[in-house]
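Presented below is the structure to which this report refers.
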Amino acid sequence: MEAPPCSQVEELQQEQEHGSSLVVGLSLCDSAPLLWRFQDLKTVRSNSLVGALLGSLPRTPRQNIRLGRPLLLMPEEERVLREHHGAAALSARNQDAAGAAQLRQRYEEEQQRSLEEQSILALEDRKSALLRAMTSSSGSDEALQCRLLALEQNFSFPRSALAVQLSTARAGLSHCQEARAFLEADWPIREQDSSRRDARYQVFRDLWGRGFFLTSAGKFGGDFLVYPGDPLRFHAHFIAVCLTLDESICMLDVLSVARLGSNVKKTVLLCSPAPDGSVHYTSLQWSGMM
C-alpha cells in the first residue's frame, strides 16, 4: 500500500494541529453525533473527515440522491475530534423549560392566526359558490341577500380542516423530558470499550494520519473505504477490514472479501493494530488483477 511521503504526513499533522483550534459543535441524537452548522461541516472536511449527510434539501425534499444537513459522524471520527479537542457538545438552548414554553406559545399563536385567515378565505369561497348558484337559478336579490346573511352568521370553519405548513428550511429539534435528560448526561455517552472498536479506531487513526480519507464500507463488506483524496474527486483504492492480532478468520471469508474487492476494482487490506501502536497491513489481490 502506497502512503504519502513523511514530509506530507508531517505537514498534514501540522495543519491538523492548527485547524484543531476550530471546535465543532456536536448535537447528540440518542448517541449519534450530528453536525448542523455549515461552518462545522467545512471544518471537519478540511481535517479529512467526511461523515455522511442525512437531511433532505428544502427545495427537493422528496428524493434521497442529494442530501443535506445534518452530517452524521462515524464513531471513529467523533473519537478523533474528541482526542484532538476539536469537538464539544452544543448546549440545548432551545430545550429548556422556558424556551419550550415560548416556542409552544408562538406556535399556538401562529396556528390561531392561520385558522382565522383560512376561515375568511373559506367563507369567501362559499359566498362565491352561492352567488353562482343563485345567479344561474335567476333568484331575487332579496332572497340572495338573506341567504348570504344567513351563511355569514352560521358559517364555522373546523380546526380539523386547517391546512398546516411544514417548515423544511429551518431545523429545530425538540425532545421529551426523558430524552432531554439523556442528552444532558456526561459527554461522551458512548464508551469505546470493546477490542473490536479499539482496533477499528487505531486503524482509522493511522490511515487518517497518513492523509487518507475514510468512509464507511458496509456496502463492500469491510470496515472502511480508503480514498487517496477527497471522495468527491477520487474513487476509493482500498477496502479496509479491521482485525485484532489474535483474531482468527475463516478462509472462506478471506476468499469472499478478496473476490468482492476484485469485482469492484479495489484492494482489500487486512489491518491489525500491534501492541506498540503501529498497524500491520496485508493486501489481498487476485493474481490476474491489473
I need the trypsin sites (Lys or Arg not before Pro) found in the range 47-85, filtered to DSSP loop residues with at most 13 other beta carbons within 10 Å of theirs.
59, 62, 66
From phi via Karplus (6.51, -1.76, 1.60), per-residue ³J(HN,Hα) for the range 210-222 in Hz, x at Gly/Pro:
7, x, 7, 9, 10, 10, 5, 10, x, 6, 10, x, x
Once Lys and Arg are counted +1 and Asp and Glu -1 for all other residues with Cβ under 12 Å from that of residue 260, the total becomes +3
Extension gain, residue 29 back to residue 148 (0.36 nm per residue minus Cα-Cα distance, nm):
37.4 nm
What whole number of Å gives the distance from the Cα centroid of the range 57-89 to the Cα centroid of the range 250-282?
27 Å
Residue 110/residue 156 FRET efficiency (R0 25 Å; Cβ-Cβ; nearest 0.05):
0.75
So what's the net charge close to residue 152: Lys and Arg +1, Asp and Glu -1, counting the other residues with Cβ under 11 Å from its Cβ?
+2
Length released on extending from residue 255 to residue 125, taking residue separation times 0.36 nm less the Cα-Cα span:
39.7 nm
Give the accessible area for residue 142 in Å² (nearest 10); use a 1.4 Å probe, count only protein heavy atoms, and leave out ligands, DNA and RNA.
140 Å²
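The values are calculated or read from the model by the stated rules, or taken from the named source; none is laboratory data. Given the structure is predicted, the values throughout are model-derived calculations rather than measurements. Cβ atoms come from the backbone with ideal geometry, glycine included; neighbour counts cover every protein chain shown. Ligands, DNA and RNA are excluded from the accessible area calculation, which covers all protein heavy atoms including side chains. Shrake-Rupley method; radii C 1.70, N 1.55, O 1.52, S 1.80 Å.
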